[in-house]
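Participant: Quick one: the structure is below, and I'll ask about it shortly.
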Amino acid sequence: MHAKPSATPKGGGILRQPTSVWATAFAAVVAFMGIGLVDPILPAIAKNLDASPSQVSLLFTSYFLITAVAMLVTGWVSSRIGGKRTLLIGLALVVAFAALAGTSGTVGQLVGFRAGWGLGNALFVATALAVIVGAASGGAESAIILYEAALGIGISLGPLAGALLGDMNWRFPFFGTAALMAVGFLLIGTLLKPTPKPAEKTRLSAPIRALAHGGLSTTAFTALFYNYAFFTILAFTPFVLGMSAHGIGLVFFGWGVMVALASVFGAPMLQRRIGTVRVMYLALALLIVFQFGLAFLGHGGIIACTVLSGIPIGLNNTAFTEAAMEVSDSPRPVASAGYNFVRWMGGALAPFIATKLAEEVDAKLPYVVGAACCAVAIGILAVRRRHLAPLERVDVDHAFQDAPAAA
């Protein structure tokens, strides 16, 4: 277990970080922009490439499937060449495949280039979290909040950038991402000092072995079902909204803002008051409510539920990430790799299954299935709650940090 009594130095805090941490966080923002970047342009891609919604949804499926599998080798790579080199290789791959995606002539080419993008994303994202945790001031909690803030900002700005650039041409968002990631490459190349290699090299089997820990496997498989619901909203809702690229971009910008605010401010506050596991219960229950709202309310209700669903998603992103980092004795990069391998499978499965269900059965069904997945996640938490007992020490640490200093 990684949790220890707080020893945050005076003057430390989430906003007072080394330049290298901000450089990594900037690149992380751009990396996460790539997740929601295609949301506003999904209908335009389907129209311009003469593809069905389920075919276009493979942009998410290929991306997250490769990301999930590649998570298993990120620790093996970074332990041999160092964190900085792994970050740079990941960024270089994203730059190359994002640019190539903009040149696609068929949906098959675009899906293939998104898969390559997913490989670069895996190398970068898994390593970035470990680098930020290792270099940030304020301890692991501040580092994880900073990482989740980057995720929230990236996810919120991605749809907005996709809408603004995609309104001119659906190819421009891909070229824009490549350009921004090239900037991130230069910043990390110049500002991040070479990170020391771990004393022991990570074995290829380490992430899978780490999942033998009851707490980590509980966190990962709960997150698998949660992420299915998450990416049902992200990948399927643009087809339901029936709006222009600008309209879809603004809706998901509002959603991303909710994700960011809940991740950075809501989750830590609630963790201190009710504990990490109860935050998961609360957020999953709220997500069930919004999934049913998306299924059965009118157009205005769909917009409202999409935006508001960012609140439980933001709460869960922080709670699950911190749980994965702190619940076991595995090194954080190994725990992160095993956890992300499982949870990103939800992101890979949801887009294609959701759009297929809508095409073949009914447009309400994807959200009903998403709500059912949240219920399954709650069930896993309830049945395997004892495996998450180590998180109580993390919650005590949160409360300790939140306590007023003695006069």
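Participant: Using a Gaussian network for the chain with springs between C-alpha atoms less than 10 Å apart, which of these wobbles most: A126, A44, A149?
Facilitator: Result: A44 has the largest fluctuation of those listed.
Participant: Using a Förster distance of 22 angstrom, determine the FRET efficiency expected from the C-beta separation of N48 and H246, and round it to 0.05.
Facilitator: Values: r = 17 Å, r/R0 = 0.77.
Approximately 0.80, to the nearest 0.05.
Participant: Let me ask you something else. With the Cα gyration tensor of the chain in hand, convert its eigenvalues to equivalent ellipsoid semi-axes via √(5λ) and list them largest first in whole Å. Mind showing how you got there, number by number?
Facilitator: Working: eigenvalues 193, 127, 74 Å².
The equivalent ellipsoid of the chain has semi-axes of 31, 25, 19 Å.
Participant: On to the next question. Over the stretch 307-367, one equal point on each Cα, no solvent: what is log10 I(q)/I(0) by the Debye formula at q = 0.13, 0.22, 0.25 Å⁻¹?
Facilitator: -0.51, -0.93, -1.01
Participant: Report, in debye and to the nearest 20, how large the dipole of the stretch 19-398 comes out about its Cα centre when Lys and Arg carry +1 and Asp and Glu carry -1 on their Cβ. Can you show the working numbers first?
Facilitator: On the way: 22 positive and 15 negative charges, 167 e Å.
Using Cβ point charges on Lys, Arg, Asp and Glu, the stretch 19-398 gives about 800 debye.
Participant: Top mean-square fluctuation among P40, P333, P194, Gaussian network model of the chain, C-alpha springs under 10 Å?
Facilitator: P194
Participant: I need the peptides 318-324, 300-306 ranked by packing, meaning the mean over residues of other C-beta atoms within 10 angstrom, with the highest value on top. Don't jump to the answer; show the numbers that get you there.
Facilitator: Working: 318-324: 27.1, 300-306: 17.7.
So the order, starting with the most tightly packed, is 318-324, 300-306.
Participant: Another question about this same structure. Pick from L42, L191, L294: which residue has the top mean-square fluctuation in a GNM of the chain where Cα pairs under 10 Å get a spring?
Facilitator: Result: L191 has the largest fluctuation of those listed.
Participant: Modelled label-to-label distance, N169 and Q109, 7 Å Cα→beta-carbon offset: nm?
Facilitator: About 1.3 nm, to one decimal.
Participant: Separate question: Along the charge dipole of the chain, Cβ charges K/R +1 and D/E -1, which of L49, G310, V131 sits furthest on the positive end?
Facilitator: In the chain, that residue is V131.
Participant: Right, here's the next one. Excluding G247 itself, calculate the net charge of residues whose Cβ lies under 15 Å from the Cβ of G247, where each Lys or Arg counts +1 and each Asp or Glu counts -1. Each step should come with its number before you reach the end.
Facilitator: Details: positive: none; negative: D39, D167.
Net of charged neighbours comes to -2.
Participant: Modelled label-to-label distance, V69 and E359, 7 Å Cα→beta-carbon offset: nm?
Facilitator: About 2.2 nm separates the two model spin labels.
Participant: Considering only the other residues whose Cβ falls under 15 Å of the Cβ of I155, what net charge follows from Lys and Arg at +1 and Asp and Glu at -1? Don't skip to the end; give the middle numbers.
Facilitator: Working: positive: none; negative: D39, E148.
Once positives and negatives cancel, what remains is -2.
Participant: Among G249, I274, A229, whose Cα lies farthest out toward the positive end of the dipole of the stretch 150-281, if unit charges sit on the beta carbon of Lys, Arg (+1) and Asp, Glu (-1)?
Facilitator: Value: I274.
Just so you know, all these numbers are worked out from the coordinates, no wet-lab data involved. Bear in mind the structure is a predicted one, so any value in this text is a computation, not a measurement. Because the Cβ atoms are built from the backbone with ideal geometry, glycine has one as well, and the counts that use them run over all protein chains shown.
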